[in-house]
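Every number here is computed from the coordinates shown, using simple stated rules; none is lab data. Predicted model, so just to flag it, every value in this text is computed and none were measured. Note: ideal-geometry Cβ built from the backbone for every residue, glycine included; neighbour counts use all protein chains shown.
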Amino acid sequence: MRGVSIIGAGITPFGVREESLVALGAIACKDALGDAGLTPERIEAFFLGNFAGQAFVGQNHIAPMVAHAAGLGAIPCTRLEGACASGGLAMRQGVLAVASGQVDFALIAGVEKMTSAETDETASILAAAGDVAVEASVGSTFPALFGLIARRHMYEHGTTREEIAHVAVKNHAHGKLNPNAHMQKDVTLPQVMDAKPVAEPLGLFDCSLISDGAAAVVLCPTQMASAHHEKPVEVLASAQASDSPALSDKRDITSFYATQKAGEEAFSQAGLSREDVDLAEIHDCFTVAEIIALEDLGFFAKGEGGRGALEGMTKLGGAMPVNTSGGLKAKGHPVGATGVAQIHELTLQLRGEARARQVPGAEVALAHNLGGSGATCAVHILGATG
Amino acid sequence: METFFCAGCGRIYLEKSERCGHCGGEMEQRPASGRGIVYSFSSVHMGAQGMPTPYFLVLVELEEGGRILARLADDDESQPSIGGKVVFSGLSDTGPVFRMF
């Protein structure tokens, strides 16, 4: 297997967008190709993350549609679906295609258009990322599953409501610095703590945003990368693991086994330790999910993850900033786009192009993308070059 | 109360079926006390499409082992707590229902 690098990154602003699902994908692809200085016909394979095009806007089979709209040739176009990890899976398939020597230039994108559906309809569509037969049928939504998880985490590990709420305060503070974020404003601790309850103990500000948006990156072999971009970003690890989505099947609902497995595999591939990571994009679909992921990835001991945001360690300026983009919480969570948007943010950071939210001297960064209630996890570790 | 246990994947069902809905394994019928404890719970205020809110979801750990996601009975006004005792009260359109006791 050969080394793979990112030579282009593109994104649309996240939020309520007028463009169609396909057009959003095409815009991000063209942005990434422009950044790589490549014409569309140079791309040899296209991988697209999308969760629920059919359910949200009545359109399936969108990989060749986005490819056509972006001007790609008659190349293999493949859609990946792994709930909220769809984008991470697309990234991993692209990395494998280039690493194996199958292709030299691969385009990866992720897209979702969610805001045209009503909120309760969206809740039901998202609930199908869990085990419908034993969860959605009983009335569980994703906020409800993470409400159950949060309650148990508080009970077992002493995590406080305040620690959980601090994740939202931090990620909104970061999102305010990201011109592509869906919500670019601060929220205060009392606003989060006293917000309208959604699924207790979680309230409105503990939940990620329902957004439209797309992101894309261009990959090529590392040995060719410097000819295409002055600051290529190297993919140091690409790992994926799985578990049952149903909470009732899990021995421990305060950890996600798929995250632990994918994290271990990623650090092993990269030959790096936790201390080497300068910043991370972590899948904060709900505030408590960021805390759990930080524990599962080994950045904090079990039950200590709440200290990250509370004590400022994961804030810009802290020891390891987490979700400088604003995360799913403030940047927004167009489900299929999220995994690729994380890679986009880290690419900017490792090139030193993240402006007001730049982590000084960032050299190693980790992306954690979780599907549903932990049934799929993709972890990527990226490194700056030069 | 009877439970239906899949020897293949360990899932527990309260409704009889020939095969496990998850893995297709063969089901074993087992008597159960219907008692369990609350493993976790959440009061749902913004629910799924067509489901009136609020309602309590409880993840129940059955006395005989295994966990089931269920509703707390709508007319049960007691506040659940982790470790609190619950008892099976019946099946509804939304699956199993338990009560605090």
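Which semi-axes, in whole Å and largest first, does the equivalent ellipsoid of chain B have when worked out from the alpha carbon gyration tensor as the square roots of 5 times its eigenvalues?
Sorted largest first and rounded, they come to 24, 16, 11 Å.
Just how large is the dipole of region A:277-386 about the Cα centre, in debye to the nearest 20, putting +1 at every Lys and Arg Cβ and -1 at every Asp and Glu Cβ?
Computed charge dipole of region A:277-386: roughly 240 debye.
Hey, can you grab everything whose amide H is under 5 Å from the amide H of A:Ala9? Only 5+ residues off in sequence or another chain; H modelled, so Pro and N-termini drop out.
A:Asp35, A:Ala36, A:Val218
Which of these, A:Glu345, A:Glu230, A:Glu290, has the largest mean-square fluctuation under a Gaussian network model of chain A (Cα springs below 10 Å)?
Checking each option, the largest mean-square fluctuation is seen for A:Glu230.
May I ask you to derive the FRET efficiency for A:Lys231 and B:Phe101 from their Cβ-Cβ distance with R0 = 51 Å, giving the value to the nearest 0.05?
Using R0 = 51 Å, I get an efficiency of 0.20.
Below 8 Å, C-alpha to C-alpha, sequence gap of six or more: please give me the relative contact order for chain A in percent.
It rounds to 26 percent for chain A.
Per-residue mean of other chain beta-carbon atoms within 10 angstrom of the beta-carbon, peptide B:33-46?
6
Where does each of B:Leu57, A:Leu219 land when they are ranked from fewest to most other beta-carbon atoms within 10 angstrom?
Sorted ascending by nearby Cβ count, the order is B:Leu57, A:Leu219.
For a quick check: with amide H placed at 1.01 Å from N, whose amide H comes under 5 Å from A:Lys176's, ignoring anything fewer than 5 positions away on the same chain?
A:Lys185
Please compute the average number of Cβ atoms from other chains found within 10 Å of each residue's Cβ in peptide A:143-152.
6
Residues with amide H under 5 Å of A:Leu279's amide H, sequence separation 5 or more or different chain, H placed in the peptide plane at 1.01 Å from N; which?
A:Val364, A:Leu366
For a test of the definition: using alpha carbon positions, the gyration tensor, and the 1.5 limit on a/c, classify region A:273-329 as rounded, prolate or oblate.
The shape class here is rounded.
Just to check I understand the Karplus step: with θ = phi - 60° and J = 6.51 cos²θ - 1.76 cosθ + 1.60, what whole-Hz values come out for region A:302-315, glycine and proline as x?
With coefficients 6.51, -1.76 and 1.60, one gets 4, x, 9, x, x, 5, x, 7, 4, 9, x, 5, 9, 8 Hz.
Sort region A:250-353 into rounded, prolate or oblate with this rule: let a ≥ b ≥ c be the square roots of the eigenvalues of the Cα gyration tensor; rounded if a/c is under 1.5, and if a/c is not under 1.5, prolate when a/b is larger than b/c, oblate otherwise.
Rounded, because the longest to shortest axis ratio a/c is under 1.5.
Count, for each residue of B:91-99, the Cβ atoms from other chains sitting within 10 Å of its Cβ, then give me the mean as a whole number.
Mean shielding by partner chains, rounded to a whole number: 2.
What's the magnitude of the charge dipole for the protein assembly as shown around its Cα centre, counting Lys and Arg as +1 and Asp and Glu as -1 at the beta-carbon? Answer in Debye, nearest 20.
Result for the protein assembly as shown is approximately 480 debye, rounded to the nearest 20.
Please provide three numbers in whole Å: the alpha-carbon extents of the protein assembly as shown along the principal axes, with the largest listed first.
Between the extreme Cα coordinates on each principal axis of the protein assembly as shown lie 70, 47, 43 Å.
With just the Cα atoms of region A:337-378, tell me how far they stretch along each of the three principal axes, in Å, largest first.
Cα extents, longest axis first: 34, 18, 12 Å.
Taking the highest mean first, how do the peptides A:170-178, A:187-195 order by number of other beta carbon atoms within 10 angstrom per residue?
Output ranking for A:170-178, A:187-195: A:170-178, A:187-195.
Considering chain B as a Gaussian network with a 10 Å cut-off on Cα pairs, which listed residue, B:Ala70, B:Ala32, B:Ala48, attains the greatest mean-square fluctuation?
The residue that fluctuates most here is B:Ala48.
Any idea what the alpha-carbon Rg over 2.2 N^0.38 Å comes to for region A:1-112?
Taking the Cα Rg and dividing by 2.2 N^0.38 Å, one obtains 0.99.
Test of understanding: in a Gaussian network model of chain A with alpha carbons linked when under 10 Å, which of A:Ala85, A:Ala258, A:Ala109 would top the mean-square fluctuation ranking?
Top of the fluctuation ranking is A:Ala258.
Please arrange A:Tyr257, B:Tyr39 by counting, for each residue, the other beta carbons lying within 10 Å of its beta carbon, fewest first.
A:Tyr257, B:Tyr39
So what's the back-of-envelope 222 nm ellipticity for chain A, counting only DSSP H runs of four-plus at -39500 (n - 2.57) apiece and dividing by all residues, rounded to 500?
Rounded to the nearest 500, it is -10500 deg cm²/dmol.
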